[in-house]
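**Student:** The structure's right below; bear with me while I get my questions together.
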Amino acid sequence: MVGKTAEELARESHDLSNENYMKSQQELQRLEKTEQDAGLDRVIKIVDEIKTTAVNINEEVQLQDGMTAAVDRDMSGVQHKLAGLNQKVQTLLDNSSDKTKIIIIIVLMVILVLMIFILFS
């Protein structure tokens, strides 16, 4: 032997295997961190997409809420006018004969059909 004992060679071999083990573990940790970073990037992208969708939905809901309020105001006005007309018709019917009542009902039906046609066209 050239100056090293078997024990010294075994110790050097053990030190090299420990060093290789440490290097492989460090490399595994680096790869795992890279994979985790990529996973977090995907999660961040998905969260941003969900946020954008939520903002769009909120804007649409606010728009439709305003439209619904406008329709509600219009319907309240129409209901008020219709109640007044019903009262006038009732007064007219109370003061009319049967033949006149039938004519009034027919005329009112025609007016109602025209109003519905105008409202939905």
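The values are calculated or read from the model by the stated rules, or taken from the named source; none is laboratory data. Not measured: the values here are computed from a predicted model. Here Cβ is always computed from backbone atoms with ideal geometry, including for glycine, and neighbour counts include all displayed protein chains. SASA here: full protein model, heavy atoms, side chains in, ligands and nucleic acids out. Shrake-Rupley method; radii C 1.70, N 1.55, O 1.52, S 1.80 Å.
**Student:** To the nearest 20 debye, what is the magnitude of the charge dipole of the chain about its Cα centre, counting +1 on the Cβ of each Lys and Arg and -1 on the Cβ of each Asp and Glu?
**Tutor:** Numbers: 13 positive and 19 negative charges, 244 e Å.
Dipole of the chain, to the nearest 20 debye: 1180 debye.
**Student:** Turning to a different aspect of this structure: May I ask which residue of G84, T52, T100 lies farthest towards the positive end of the charge dipole of the chain, with charges of +1 (Lys, Arg) and -1 (Asp, Glu) on Cβ and the Cα centre as origin?
**Tutor:** Comparing the listed Cα positions along the dipole, T100 ranks first.
**Student:** As I understand it, the value is the acute angle between the Cα axis of helix 6-94 and the longest principal axis of the Cα atoms of the chain; what does it come to in degrees, rounded to 10?
**Tutor:** 0 degrees
**Student:** ³J(HN,Hα) across segment 104-110 via Karplus (A = 6.51, B = -1.76, C = 1.60, θ = phi - 60°), whole Hz, x for Gly/Pro?
**Tutor:** With the stated coefficients, segment 104-110 comes to 5, 4, 5, 4, 5, 5, 4 Hz.
**Student:** What is the extension gain from S121 to T5, computed as 0.36 nm multiplied by their sequence separation minus the C-alpha to C-alpha distance, in nm to one decimal? Could the numbers behind the result be given before it?
**Tutor:** Working: separation 116, 0.36 × 116 = 41.76 nm, distance 10.54 nm.
Net length gain for the segment: 31.2 nm.
**Student:** Out of the total accessible area of the chain (probe 1.4 Å, heavy atoms of protein only), what percent is carbon and sulfur?
**Tutor:** About 64 percent, which is the carbon plus sulfur part of the accessible surface.
**Student:** Counting only helical runs of four or more DSSP H residues, what would the 222 nm mean residue ellipticity of the chain come to if each run contributes -39,500 (n - 2.57) and the total is spread over all its residues? It would help to have the intermediate numbers written out before the result.
**Tutor:** Working: 2 runs with 111 residues, N = 121.
When only DSSP H runs of four or more count, the value is -34500 deg cm²/dmol.
**Student:** Starting from the Cα of S97, step 7 Å along the direction of its Cβ; do the same at D65; then give the gap between the two resulting points in nm.
**Tutor:** 6.0 nm
**Student:** Then there is this: Please give the per residue accessible area of segment 18-121, computed with a probe of 1.4 Å over protein heavy atoms only, in Å². Each step should come with its number before you reach the end.
**Tutor:** Numbers: 9470 Å² over 104 residues.
Per residue, segment 18-121 has an accessible area of 91 Å².
**Student:** Once you have the Kirkwood Rh of segment 25-121 from its Cα pairs, apply Stokes-Einstein at 25 °C and 0.890 mPa s and quote D in µm²/s.
**Tutor:** Numbers: Rh = 19.8 Å.
Estimated via Stokes-Einstein, D reaches 124 µm²/s.
**Student:** Related question: Quick check: net charge around T100, other residues with Cβ under 15 Å of its Cβ, Lys/Arg +1 and Asp/Glu -1? Kindly include the intermediate steps, with their values, before the conclusion.
**Tutor:** Working: positive: K88, K99, K101; negative: D94, D98.
It works out to a net charge of +1.
**Student:** Equivalent-ellipsoid semi-axes (√(5λ), Cα gyration tensor) for segment 73-117, whole Å, largest first?
**Tutor:** Working: eigenvalues 102, 39, 3 Å².
Equivalent ellipsoid of segment 73-117: 23, 14, 4 Å, largest first.
**Student:** Counting Lys +1, Arg +1, Asp -1, Glu -1, what net charge surrounds N20 among other residues with beta carbon under 13 Å of its beta carbon? Don't skip to the end; give the middle numbers.
**Tutor:** Values: positive: K23; negative: E12, D15, E19, E27.
Combined, the nearby Lys, Arg, Asp and Glu give -3.
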